[in-house]
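Student: Before I ask anything, here is the structure I am working with.
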Amino acid sequence: MEGFDLELAARPAWRHGDYSHIPFWVYSDAANYQAELRDIYKGPVWNYLCLAAELPGNGDYKTTKIGETPVLVVRGEDGVVRGFLNRCAHRGALLCLEPRGSVKRLTCVYHAWSYDLEGNLKNVAFEDGADGRGGMPDDFDKSRHGLRPIEVTEFCGLVFGSFDPGVPDIETYLGPESVRFLKRALGKAPLKLIGRSTQVMHNNWKLYLENVKDVYHATILHLFFTRFRLNRLGHEGGIIVSDSGAHHVSYSKMDAERGNQDYASQDIRSTGEGFSLNDPSLLDSIDEWEDGITVQIQSVFPSLVIQVIQNSIAVRQILPTAVDRTDLNWNFVGFEGDSEEMTRTRVKLNNLVGPSGYISLEDGAIGGFVQRAIRGVEEDSGVVRMGGDDVTTVDYRATETSVRGFWKMYRGLMGV
Amino acid sequence: MTSPETLQAKLLADDLLARYVRCLDDGDLGEWPGFFTDPCIYRVTHRADDRAGYENALIFADSRGMLMDRVNAVENVSVYEPHGYRHILGASLIEKADGALIDASTSFLVARIMQDGETSVFATGIYRDRIDISGDEPLFAEKVAVMDSERVDTLLAIPL
């Protein structure tokens with residue numbers, strides 16, 4: 001009974017339909033985290049797995065995770081991309097030990113059970129025993145011991161996976177606006193990977209996903225952007241929130257004349273003038289979008305972020321590794337057929353993003369600041385009421401509507 | 001038998017690297033760009049990307065001005081918890097040396113010291129350096145810090 005009371009104390013009531021007040025226990029409660037792995041990651045969602053470009057040839061595989069569960073994605077001899085648990089059907093050992101590779105068969109190191117690329121068990125070592133003795137019984141049926149498959153789909157060069165056979169098709173899952181912006185960002189040619197990196201964050205995965213959806217902080221915490229007027233809240237732009245609340249797109253159009261007075265009148269650090277680059281070639285860009293949008297930040301619930309900042313394009317995968325720890329896997333991309341000049345432009349602009357990025361390195365630390373500050377006082381709540389309490393698409397950005405959208409989706413899936 | 005030219009190159013490389021890491025760990029970061037020629041190449045990457053031949057880098061600069069901008073950002077713009085580094089260097093291997101350029105590679109281990117004193121191994125890897133010795137003092141024409149791991153804890157603000 002005592003444990004029950006403690007749990008109640010740590011989880012005060014959360015009013016039904018309230019997406020504006022977020023109790024802090026959701027970021028630190030171990031039991032809630034286990035429920036998320038089950039109800040969200042293994043639930044009716046599409047998890048980002050890898051780039052199709054990472055599996056160019058038949059037999060190419062990549063290992064990753066859904067939540068904390070190891071999965072593998074492999075292109076079969078028929079060219080079809082399939083996904084499986086990265087786990088041998090025999091004793092449950094990890095099947096592929098390396099992050100990526102190319103194989104004809106998937107063979108377990110433990111007892112050499114091997115599978116074809118469609119997950120069928122093809123060979124069991126000593127199936128007929130040794131010296132005519134031992135071996136598998138006659139009723140052992142290899143066809144019943146294949147790899148456990150997961151649902152897999154491809155969209156715009158991205159490979160997604162799901163544990164739930166009932167998950168909607170990807171375009172229905174995303175909704176028309178998310179589809180439109182994913183096509184804008186990634187759809188014009190096959191993607192080309194130009195680098196990777198992993199940023200280890202000392203915070204719950206939701207704090208990072210909220211941070212991505214939180215346009216409010218972007219021009220305040222990330223001083224660099226604001227000082228160069230690449231992104232100010234007054235610039236033309238908006239936030240699109242999918243009907244479910246799950247996904248969002250924020251976009252803005254650079255306009256050096258708009259929105260600067262607002263910053264001067266606020267007591268925020270972002271306004272410092274007189275900051276100029278010694279080498280402005282860092283920000284040189286080539287117009288490849290032709291729609292005037294300079295910044296597109298897009299999230300696909302629960303594990304994907306697409307970022308386009310002029311010619312800097314990144315596909316970011318959010319992977320929880322513990323209740324208070326998250327890996328952010330950065331994939332920096334361009335397109336097949338990019339000129340040397342375009343690649344160099346992307347590489348220079350990528351100084352803005354990644355673990356060392358002028359406008360993203362802070363995000364590696366800010367979630368940890370929350371995670372530390374809420375310790376022991378999880379009975380309290382945070383507040384996300386900028387722009388009101390609604391979850392709607394708006395054509396301005398001084399709002400937290402997309403953060404509330406996250407909680408709408410989250411509370412629905414979790415039943416909390 | 002190591003040639004006298006190689007030994008001379010090793011002394012020059014050792015001295016430049018010793019002064020370089022002293023600047024990062026104990027000195028004035030504002031002096032860091034002065035260790036490079038202009039133009040120059042400074043990249044921070046990791047072994048997997050390096051082996052795959054990927055062009056991207058965590059930090060990329062091709063001029064002394066870009067290095068000065070990195071210092072300005074680290075000191076005045078970027079937001080992070082105060083911390084410092086301690087670089088421990090291995091012996092430099094001289095790959096090539098002529099009268100104008102030295103190619104050297106040197107292992108590094110960087111400990112990160114947070115403001116509360118928590119100390120951890122932040123990065124290990126190898127510097128691949130091209131040192132220009134044609135001027136008044138040796139300078140890095142190219143410095144590539146190849147980390148062994150692609151994982152970065154929290155953030156990488158101060159250069160390696």
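Student: Taking other Cβ within 10 Å of each residue's Cβ, how do A:H248, A:H235, B:H83 sort, fewest first? Before the final figure, lay out the partial values.
Tutor: Numbers: A:H248 29, A:H235 22, B:H83 17.
Arranged by neighbour count, lowest to highest, A:H248, A:H235, B:H83 become B:H83, A:H235, A:H248.
Student: Across the Cα atoms of region A:47-154, what radius of gyration and what greatest pairwise Cα-Cα distance (Dmax) are found, in Å?
Tutor: Over region A:47-154's Cα set, Rg and Dmax evaluate to 14.6, 48 Å.
Student: Right, another one. About the Cα centre of region B:4-147, how large is the charge dipole given +1 on each Lys and Arg Cβ and -1 on each Asp and Glu Cβ? Please answer in debye to the nearest 20. Could you put the intermediate results ahead of the total?
Tutor: Values: 14 positive and 25 negative charges, 81 e Å.
It works out to roughly 400 debye.
Student: Where does region B:4-147 land on the Kirkwood hydrodynamic radius, alpha-carbon pairs, in angstrom? Walk me through the numbers before you get to the answer.
Tutor: Numbers: mean 1/r = 0.0629 Å⁻¹.
About 15.9 Å for region B:4-147.
Student: For chain A, just give the cysteines left without a disulfide-compatible partner, judged by no other Cys Cβ under 4.7 Å.
Tutor: Unpaired cysteines in chain A: A:C50, A:C96, A:C156.
Student: Picking from A:V403, A:P149, A:V384, whose Cα lies most toward the positive end of the charge dipole for the protein assembly as shown (charges on Cβ: Lys, Arg +1; Asp, Glu -1)?
Tutor: Of the listed residues, the answer is A:P149.
Student: Let me ask something additional. Shape of the protein assembly as shown from its Cα gyration tensor (a ≥ b ≥ c, root eigenvalues): rounded if a/c is under 1.5, otherwise prolate when a/b > b/c, or oblate? Mind dumping the intermediate values first?
Tutor: On the way: a/c = 1.69, a/b = 1.15, b/c = 1.47.
Cα axes put the protein assembly as shown in the oblate bin.
Student: Between A:A189 and B:D25, what's the calculated FRET efficiency when r is the beta-carbon distance and R0 is 45 Å? Round to 0.05.
Tutor: Values: r = 45 Å, r/R0 = 0.99.
Once rounded, the FRET efficiency stands at 0.50.
Student: Let me spell out the model: positive unit charges on the Cβ of Lys and Arg, negative unit charges on the Cβ of Asp and Glu, origin at the Cα centre of region A:175-414. What dipole size does that give, in debye rounded to 20?
Tutor: On the way: 26 positive and 31 negative charges, 101 e Å.
Its charge dipole is roughly 480 debye.
Student: What distance in nm separates the simple spin-label points at B:A91 and B:S149, each placed 7 Å from Cα in the Cβ direction?
Tutor: 2.8
Student: What FRET efficiency do you get for A:R325 and A:A35 if R0 is 25 Å and r is their Cβ-Cβ distance, rounded to the nearest 0.05? Working shown, then result.
Tutor: Details: r = 18 Å, r/R0 = 0.70.
That pair, A:R325 with A:A35, gives E of 0.90.
Student: In nm, to one decimal, how far is the A:E341 label point from the A:D138 one, both placed 7 Å along Cα→Cβ?
Tutor: Each label point is offset 7 Å from its Cα along the Cβ direction, giving 7.6 nm.
Student: Taking the number of other C-beta atoms within 10 Å as the exposure measure, put A:C96, B:C23 in order starting with the fewest.
Tutor: Numbers: A:C96 23, B:C23 17.
The most exposed by this proxy come first: B:C23, A:C96.
Student: Over region A:175-414, what is the relative contact order in percent, taking alpha-carbon pairs closer than 8 angstrom and at least six residues apart?
Tutor: Details: 452 pairs, mean separation 75.1, N = 240.
Over region A:175-414, the number comes to 31 percent.
Student: Hey, what angle do you get for helix A:401-414 against the long axis of chain A, alpha-carbon based, 0 to 90 degrees rounded to 10?
Tutor: 30
Student: How would B:L67, B:L29 line up from fewest to most surrounding beta-carbon atoms within 10 angstrom?
Tutor: Numbers: B:L67 24, B:L29 15.
Ascending number of Cβ neighbours within 10 Å: B:L29, B:L67.
Student: Would you mind giving the average projected area, over all directions, of the Cα convex hull of region A:175-414 in nm² with one decimal?
Tutor: Working: hull surface 54.1 nm².
Spelled out: convex hull of the Cα atoms, projected over all directions, averaged, 13.5 nm².
Just so you know, all these numbers are worked out from the coordinates, no wet-lab data involved. From a predicted model like this one, the values you see are computed outputs, not experimental measurements. Glycine also receives a Cβ, built like all others from the backbone with ideal geometry; neighbour counts cover every protein chain displayed.
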